Amino acid sequence: MTAASVPALIAPKKLIEVAVPLDAINKASAREKSIRHGHPSTLHLWWARRPLAAARAVLFGQLVNDPSWKYTPEELKKPQVKSAITRKRNELFRLIEELVPWEATGNQEILGRARKEIQSSWRETCEANRPYVLAHPEAAALFDPEKLPAFHDPFAGGGTIPLEAQRLGLEAHASDLNPVAVLINKAMIEIPPRFAGRAPVGPFPKTEKQSRAKATEDWSGARGLAEDVRRYGAWMREEADKRIGHLYPKVKITKAMAEERPDLAGLVGQELTVIAWLWARTVKSPNPAFSEVDVPLASSFVLASKPGKEAYVAPVVKGNGYRFTLKVGKPPAGAETGTKLGRGANFRCVMSEVPITPEYIKAEAMAGRMGAKLMAVVAEGARTRIYLSPIDAMELLAASAKPLWRPTQAMPKNPRWFSPPDYGLPTYGDLFTPRQLVALTTFSDLVQEAARQCELDALAAGLAKDDVGIDAGGTGARAYGEAVATYLTFVVDRVADRHTTIATWDSSPSKLQLRNTFARQAIPMTWDFALFLESRAGSERVPAPERVEVAGCASSGAVRRGRDRERRTPWS
């Protein structure tokens, strides 16, 4: 058969070529930026995330035929045809307006209508190309009206586009060169469909009532997998508390504390959970009279700036030393800038007011004389945060941590993007305190233990003992244990992002929390830092289940690492 004898392909005009309800799409996309709970973007950090709403709307507009496509120019002039086209377009616009809000992410009724429109448009396309199908030997498989074409994103990144393609009913394929992007996409589009509809296999957490299970007996979609991530995450939290809880003791409010701080009177005798330790880096004073004193390099002394609930640290100099004390009330002038004298590494000596230059700080740091001093601690109160002065025992406890492993890989020597090496912190391991390393290695070990235990529980629940891993396409017990461990690994990643000496405290009224390490695509040098814990033993609440639940399970997904040209789909 010659090329000339093969009929031309017919490509119907798509809705997006004519119009889409941009106002609704833009509004939903803008609102999505403020949604954190359950949003896939919070599964793992990735730059340049695309709004789910925009991706969903654009894909729908690209997949659905515009109502005008089937009419000839002469027919388009008829009033009744114009009216019918307008009615159908408005119907599709209304569907898009229903489709883009965050609340529609898991609304199967709305998604079902969207999939029906996509399937209908595909059947129209197949019917229009029947002459081509009859003339071309491979066209019958390509133009199967009952099977939508597979979707492939060769630069998947954060996975927004393949996730939404899958949600709309397409078989999703994704690839990327970056292994982090590959893992994110696997967690979003490949793993959930593989275990869709399965009930959880893990034991119910000991600290919770079994009645919760009765309220979540619908294990459709990825709900069962999400519940297991939550259950094994709770087990990790309990085990971490047993192993390293002694490094994170509660603080008891004493009468002596209340005498200095009348606002603590109602808390005397109570043991409060410490959720943050606020530190300042130190160097030896450049003043010869105080050359043995480690003076703080604090960018701010303010801990809370909300009107009526202000708190700040005040350095109290006495003799040849100083201590930090916590004050409540409006901070005095200068508290917001701590010991800083200007931009960059310019500070003043708290003992003598002598300037501390960037050159001096670098020299001290490279000589191994940069340290850290505890400025304050933050504890959990009754619906509020309690700020406390540090005590020597807290610093001694932090120093007692002995990590068995630390990263030794050197950071790039690029001061513009990686400042720590210029200040005596050449490796990634130098970005962590010993206690942080103990916690992170403990969590990492527990992920592996959770994977093994989950595999055993999955076997007991009836999953196959095929010894095929998740990366090899397994659906048995081993693959399930690895799947749960993948999401638990993301939890540890989130902890690590806020568990370094680069993470600083945000004292703004609406925050009062830790900033993450990767606030931008660089690792800057920070002078004061916070060690933040959302629960005892340093294990934060397991955030992954909500992200798993909103994953698309309408069709299968496949993810691989590699160049886009190495990936072939039926349409390649």
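Tabulated data
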quantity: Enumeration of residues in region 364-380 that are buried (at least 16 other Cβ atoms within 10 Å of the Cβ) and outside any strand (DSSP E or B); calculated: Glu364, Ala365, Met370
quantity: All positions within region 294-338 that are over 26 Å from Ala256 (Cβ atoms) and among the hydrophobic types (A, V, I, L, M, F, W, C); calculated: Val295, Leu297, Ala333
quantity: Candidate set from region 96-123 (those that are without any contact (Cβ under 8 Å) to a residue 24 or more places away in the chain, surrounded by 12 or more Cβ atoms within 10 Å (Cβ to Cβ) and closer than 16 Å to Lys27 by Cβ); member that is farthest from the chain's Cα centre (by Cα); calculated: Glu98
quantity: Which numbered condition Gly106 misses (of (1) over 25 Å from Val180 (Cα atoms); (2) in contact with a helix residue (DSSP H, G or I) (Cβ under 8 Å, 6 or more places away or on another chain); (3) modelled with pLDDT of 95 or more); calculated: (3)
quantity: Filter result for the condition that a residue is surrounded by 18 or more Cβ atoms within 10 Å (Cβ to Cβ), within 23 Å of Ser556 (Cβ to Cβ), over 19 Å from the mean Cα position of the chain (by Cα) and among the hydroxyl-bearing types (Ser, Thr, Tyr), over Tyr487, Tyr480; calculated: Tyr480
quantity: Entirely in region 131-221, the helices (runs of 4 or more DSSP H) that have 2 or more residues that are under 27 Å from the mean Cα position of the chain (by Cα) and of a type in the set (S, T, N, Q); calculated: 160-167
quantity: Glu127 being more than 22 Å from Ala11 (Cα to Cα) and surrounded by fewer than 16 Cβ atoms within 10 Å (Cβ to Cβ); calculated: no
quantity: Selection count, region 254-277, where residues are among the hydrophobic types (A, V, I, L, M, F, W, C) and in contact (Cβ under 8 Å) with a residue 24 or more places away in the chain; calculated: 8
quantity: Residues satisfying the stated conditions in region 21-52, i.e. surrounded by 13 or more Cβ atoms within 10 Å (Cβ to Cβ), modelled with pLDDT under 95 and part of a loop (DSSP other than H, G, I, E, B); calculated: Ile35, Gly38, His39, Leu43, His44, Leu45, Trp46, Arg49, Arg50, Pro51
quantity: Every pair of residues 6+ apart whose Cβ atoms lie under 6 Å, when the first sits in region 362-384 and is touching a residue at least 40 places away in the same chain (Cβ under 8 Å) while the second is polar (S, T, N, Q); calculated: Gly371/Thr282; Lys373/Thr282; Glu380/Thr273
quantity: Those residues of region 32-49 which are among the small types (Gly, Ala, Ser) and under 16 Å from Thr105 (Cα atoms), in sequence order; calculated: Ser34, Gly38, Ser41
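The values are calculated or read from the model by the stated rules, or taken from the named source; none is laboratory data. Quick caveat: nothing in here was measured; it's all calculated off a predicted structure. Note: ideal-geometry Cβ built from the backbone for every residue, glycine included; neighbour counts use all protein chains shown.
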